[in-house]
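Trainee: Questions regarding the structure given below will be posed in turn.
The values are calculated or read from the model by the stated rules, or taken from the named source; none is laboratory data. Small disclaimer: the values here were computed from a predicted structure and weren't measured. Note: ideal-geometry Cβ built from the backbone for every residue, glycine included; neighbour counts use all protein chains shown.
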Amino acid sequence: MFLLCASSGYSIAYHSYNEWWKWAVGVVLGLLIAVLIIQVEKAARKVSLRVIIGGVVGMLIGLFIAFLLAYGLSFVSNIMENQEVVPWIYTLLTGAMGYIGLVLGSQKVEELSLFGWGPAKEMSDYRLLDTSVIIDGRIADICDTGFLEGNFIVPRFVLDELQYIADSSDALKRTRGRRGLDILNRMQRSTGINIDVVDHDFPKIKGVDSKLIALAKKTNGKIITNDFNLNKVAELQGIKILNVNELANAVKPVVLPGELMTVKIIKDGKEPGQGVAYLDDGTMIIVDNAQKYQGESVEAMVTSVLQTTAGRMIFSEMKAIADKKGS
């Protein structure tokens, strides 16, 4: 690109002027144009194809309106009789209407798509991703399995929050933010799902969660999250929630009272004599009378299972003691 623009600038200057310094100016201008083209190309990569098409269509409509206005002025205004101002009027109308069409077309095309004027998508099929579920990363694994597919929306304000976290001075937050951006890139490459970054915003509403709820109401979409507070607030307002934590709890193996399992006691429990163990999926197991076996594997019998909003807890007791009670 640099070579092409530099050689073009030189050729234009060489055939237009005889002074050598003007040829050098042509080369410099060509290089500056190459830099501008590369910067525009980098910026265009971050914009969705729908926004680009909307901007182009809007600009063409704006230019057509400018032509009609200029044509109309030639009949109703004496100004157009002055040939010195005619080019300036054309330039003003073309620039103004083209710019308005470009801006409105690129911004409003998302609304057309969201409300069924774009590709054939059901409004209720839209799933809005919040910041926490993107950073969590399990949503990408679920999509890879094929259990979840369709149209996903990432609002611009969620993407901005991710970028803000990724640029944080705190190392942990910075790592989480960059992980979220990596997860989004991974999901964009997945088959069976379509991710749209939309610029739809609600300037009068503060807070990403509140904006997400407002967008879900407007699009009749569902919010995918693992945020407990967002889950409750959205449900109170009639928003459909797809909670990744609830999905994880639903697919955990079913354990019934009386079943035996071999577990390793990791630490002491809250009550005297209790030991705590964990299954591979993170489920906590409370084992009565197992405190002294910390660091060892024991055989425990399930007595009860408690399902909470934080997850599933299994209560059990040592098999030897359970056998004594049974006898």
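Trainee: Is it true that residue 181 is closer than 26 Å to residue 246 by Cα, in a helix (DSSP H, G or I) and not assigned by TED's automatic domain parsing to the domain that holds residue 107? Working first, answer last.
Mentor: Details: closer than 26 Å to residue 246 by Cα: yes; in a helix (DSSP H, G or I): yes; not assigned by TED's automatic domain parsing to the domain that holds residue 107: yes.
It is true that residue 181 is closer than 26 Å to residue 246 by Cα, in a helix (DSSP H, G or I) and not assigned by TED's automatic domain parsing to the domain that holds residue 107.
Trainee: If you go through segment 126-138 one residue at a time, do you hit one that is under 24 Å from residue 51 (Cβ atoms) and at pLDDT below 90?
Mentor: Yes, there is a match, as at least one residue in segment 126-138 is under 24 Å from residue 51 (Cβ atoms) and at pLDDT below 90.
Trainee: Another question, then. Select from segment 202-257 the residues that are under 21 Å from residue 165 (Cβ atoms) and among the acidic types (Asp, Glu) and list them in ascending order.
Mentor: Matches in segment 202-257: 209, 227.
Trainee: When you scan segment 206-220, do you find a residue that is part of a strand (DSSP E or B) and within 14 Å of the chain's Cα centre (by Cα), even just one? Write out each step before concluding.
Mentor: First pass over segment 206-220, keeping only residues part of a strand (DSSP E or B): none.
No, there is no match, as no residue in segment 206-220 is part of a strand (DSSP E or B) and within 14 Å of the chain's Cα centre (by Cα).
Trainee: Something else: Counting only residues that are in contact with a Gly (Cβ under 8 Å, 6 or more places away or on another chain), closer than 25 Å to residue 217 by Cβ and among the β-branched types (Val, Ile, Thr), how many does segment 150-179 have?
Mentor: Of the residues in segment 150-179, 1 are in contact with a Gly (Cβ under 8 Å, 6 or more places away or on another chain), closer than 25 Å to residue 217 by Cβ and among the β-branched types (Val, Ile, Thr).
Trainee: Given the condition outside the structural domain of residue 106 (by TED's automatic domain parsing), in a helix (DSSP H, G or I) and in contact (Cβ under 8 Å) with a residue 24 or more places away in the chain, answer yes or no: does some residue in segment 164-171 qualify?
Mentor: Quick first cut of segment 164-171, residues outside the structural domain of residue 106 (by TED's automatic domain parsing) only: 164-171.
Checking the rest, the ones that are also in a helix (DSSP H, G or I) come to 164-166, 171.
From the residues that got through so far, the ones that are in contact (Cβ under 8 Å) with a residue 24 or more places away in the chain too are 165.
Within segment 164-171, one or more residues are outside the structural domain of residue 106 (by TED's automatic domain parsing), in a helix (DSSP H, G or I) and in contact (Cβ under 8 Å) with a residue 24 or more places away in the chain.
Trainee: For segment 140-175, which positions are crowded, with 16+ Cβ neighbours inside 10 Å, at pLDDT 90 or above and farther than 11 Å from residue 129 by Cβ?
Mentor: 157, 161, 165, 166
Trainee: Identify, please: which residue in segment 238-285 is hydroxyl-bearing (Ser, Thr, Tyr) and touching a residue at least 24 places away in the same chain (Cβ under 8 Å) and is, among those, surrounded by the most Cβ atoms within 10 Å (Cβ to Cβ)? Step through it out loud before you land on a result.
Mentor: Taking segment 238-285 first, the residues hydroxyl-bearing (Ser, Thr, Tyr) are 262, 278, 283.
Adding the requirement that they be touching a residue at least 24 places away in the same chain (Cβ under 8 Å) leaves 262, 283.
Details: 262: 10, 283: 17.
The residue in question is 283.
Trainee: Shifting gears a bit: Hey, can you tell me all the residues within segment 124-163 that are of a type in the set (Val, Ile, Thr) and without any contact (Cβ under 8 Å) to a residue 60 or more places away in the chain?
Mentor: Within segment 124-163, the subset of a type in the set (Val, Ile, Thr) is 131, 133-135, 139, 142, 145, 153-154, 158.
If the condition is that a residue be of a type in the set (Val, Ile, Thr) and without any contact (Cβ under 8 Å) to a residue 60 or more places away in the chain, then 134, 135, 145, 154, 158 are the ones that fit.
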